[in-house]
Amino acid sequence: EGLVLLMSVTLAVAARRLAAMDTLVQQISATEALAAVDTICVDKTGTLTDGTLELISVETADAADREVAERTLGRFAASAGERNRTLETIGDAFPASGLPVLAEVPFSSRWKWSGLTLNTDSGRRSFVIGAPDVLTGSGALTLPEGLAATLEREAGEGRRVIAFGEASGSLPEDPASAPPPPLEPRALVVLEETLRPDAAETIEFMREQEVDLKLISGDARPTVTAVAYALGVPTEAGVVEGPELPDDKHRLAEVAEENTIFCRITPEQKKALVAALSDSGRFTAMIGDGVNDVPALKQARLAVAMGSGSQITKGIADIVLLRDQFSMLPRAVGEGRRIARNIHRLGRLYLTKTVYAGFLILAAALIGFSFPFLPRQLTVAAMLTIGIPSFVLALAPSEGPLYRGRLLRALAAFSVPAGIGIGVGSLLSFALVDAVFGGELNEGRTAATTT
């Protein structure tokens, strides 16, 4: 009963301490779960980066066409019914009035592009904006040599590059099963995400604590790897792209463990990766901020959301980093490990008392002597040796390695010899006073209680 009470108090105090660090604990067990985390899966956008986008430039094959491309991009962004972060950035950079929309394909992380058919002064025109590698891979877009070189250079520097083209045909009714129509390249939009200033330090801390990092992103390989290497991820870390992931669960688990960086990943693949790591025995924490992270967050054993994330993401998370400070995660993990070590110490204390009491009851029944304690003496002993010390142990600082083996076996290895040793000492002092030195029964009990 005392252990249950003190574990609840300890976890509640830890939740209060984390709240002071702008870390909201929404599931009380999440505090202790932090201590067990050995693998952290993070999304790049909104987690390692702060989620803001800056438009660096608009690149065209012919510099004379740049002004027209910028104006068209502004109208595209203003006309879109569903504006994501990319379109909002373009709309802010090139303000324009919207045009009547005749057809629209909203952006999805499944097909990585969006399209509009607009009623312009020159008639009906369709435009598509999306990931260059997806559009070129589908055969819809062929970049001129100059734009292809620009794409490779900018992506290699960790920037996000978006292709913009005009369609010669109509947009597909079902973009999940049909590719975009053939496109005439109009421009490349170069965007840059701002890395969180504390991201590199946090990743280094996780490496020191032997916590594996899995960087999972829907962006292109050059962009994701450039960001990862800038944050200190070793260049020899394995890189896998979404189309390369196997369907077999056992093989997927092997790929997930062997590699660190995962690019062009869909929400379903992100969920499958987290599930594969959990099934292979990893205690996984997933950190995300967007709706597309929800399946993976629900699959993880510990779900962490950023404070600026979507409401549904924060709603299902076990822990929310309210101020988007990625550096709060190591402090939260440290608090969780302190709690785990203290609960381990409390377990040894309470189990020692249980073994000790059981030993005395068994000895008194087998040998047939008077029980060496009165109830009030047990109350005093329990208060001084269990009650007060346990509150101190529950809230005290703790250092040292975190025990990751079988908890009951470790507790028994300490508590059984300790409990029996204390029981033997109490019985010996009781027997010496009561039987050897001729003291009274109450004096023998006083000696046992003192012992």
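Laid out as a table, the results:
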quantity: Phi-based couplings in Hz for the stretch 166-181 (Karplus 6.51, -1.76, 1.60; Gly and Pro marked x); calculated: 9, 8, 8, x, 7, 6, x, 6, 10, x, 6, 10, 10, x, x, x
quantity: Reduced Cα scattering model of the stretch 257-402, Debye log10 I(q)/I(0), q = 0.18 Å⁻¹; calculated: -1.06
quantity: Helix 249-258 vs. the chain, principal-axis angle (Cα, 0 to 90°, nearest 10); calculated: 90
quantity: Vicinal HN-Hα couplings computed from phi for the stretch 33-40 (Karplus, 6.51 cos²θ - 1.76 cosθ + 1.60; Hz; Gly/Pro x); calculated: 4, 4, 5, 8, 4, 10, 9, 10
quantity: Neighbour count of at most 16 Cβ within 10 Å plus DSSP loop: longest GluC sites (Glu not before Pro)-free window in the chain; calculated: 237-398
quantity: Eligible lysines near K44 by straight Cα distance, threshold 25 Å, same-chain separation 8 or greater; calculated: K112, K214, K249, K270, K271, K298, K314
quantity: Per-residue HN-Hα couplings for the stretch 278-292 [Karplus 6.51, -1.76, 1.60; θ = phi - 60°; Hz; x = Gly/Pro]; calculated: 5, 5, 7, x, 6, 9, 9, 10, 10, 10, x, 9, x, 4, 5
quantity: Whole-Å semi-axes of the stretch 367-451's equivalent ellipsoid (Cα gyration tensor); calculated: 32, 16, 10
quantity: Rounded Å value of the spacing that divides the Cα centres of the stretch 47-87 and the stretch 378-451; calculated: 71
quantity: √(5λ) per eigenvalue of the Cα gyration tensor, the stretch 6-139, largest first, Å; calculated: 46, 16, 15
quantity: Normalised per residue, the volume of the convex hull around the Cα set of the chain (Å³); calculated: 159
quantity: For the stretch 324-380: span of alpha carbons on each principal axis (Å, largest first); calculated: 65, 22, 10
quantity: Share antiparallel - DSSP beta bridges, the chain, percent rounded to 5; calculated: 60
quantity: For the stretch 115-171, alpha-carbon Rg over 2.2 N^0.38 Å; calculated: 1.27
quantity: For D212, distant residues with modelled amide H under 5 Å away; calculated: T39, I40
quantity: Convex hull per residue volume in Å³, alpha carbons only, for the stretch 114-231; calculated: 126
quantity: Rounded tilt (10° steps) of 441-450 against the dominant C-alpha axis of the chain; calculated: 30
quantity: C-alpha long axis of helix 66-79 to longest principal axis of the chain, angle in °; calculated: 60
quantity: Three principal axis lengths of the stretch 170-277 [C-alpha, angstrom, descending]; calculated: 54, 36, 20
quantity: Heavy-atom accessible surface of the stretch 1-99: percent carbon and sulfur, 1.4 Å; calculated: 49
quantity: Accessible area of the stretch 139-236 divided out per residue, in Å², using a probe of 1.4 angstrom; calculated: 46
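The values are calculated or read from the model by the stated rules, or taken from the named source; none is laboratory data. The shown structure was predicted, so the numbers you read here are calculated from the model rather than taken from an experiment. Neighbour counts are summed over all protein chains in view; Cβ atoms, including those assigned to glycine, are modelled from backbone coordinates with ideal geometry. When the accessible area is computed, the model is the full protein with side chains, heavy atoms only, and any ligands, DNA or RNA have been set aside. Shrake-Rupley method; radii C 1.70, N 1.55, O 1.52, S 1.80 Å.
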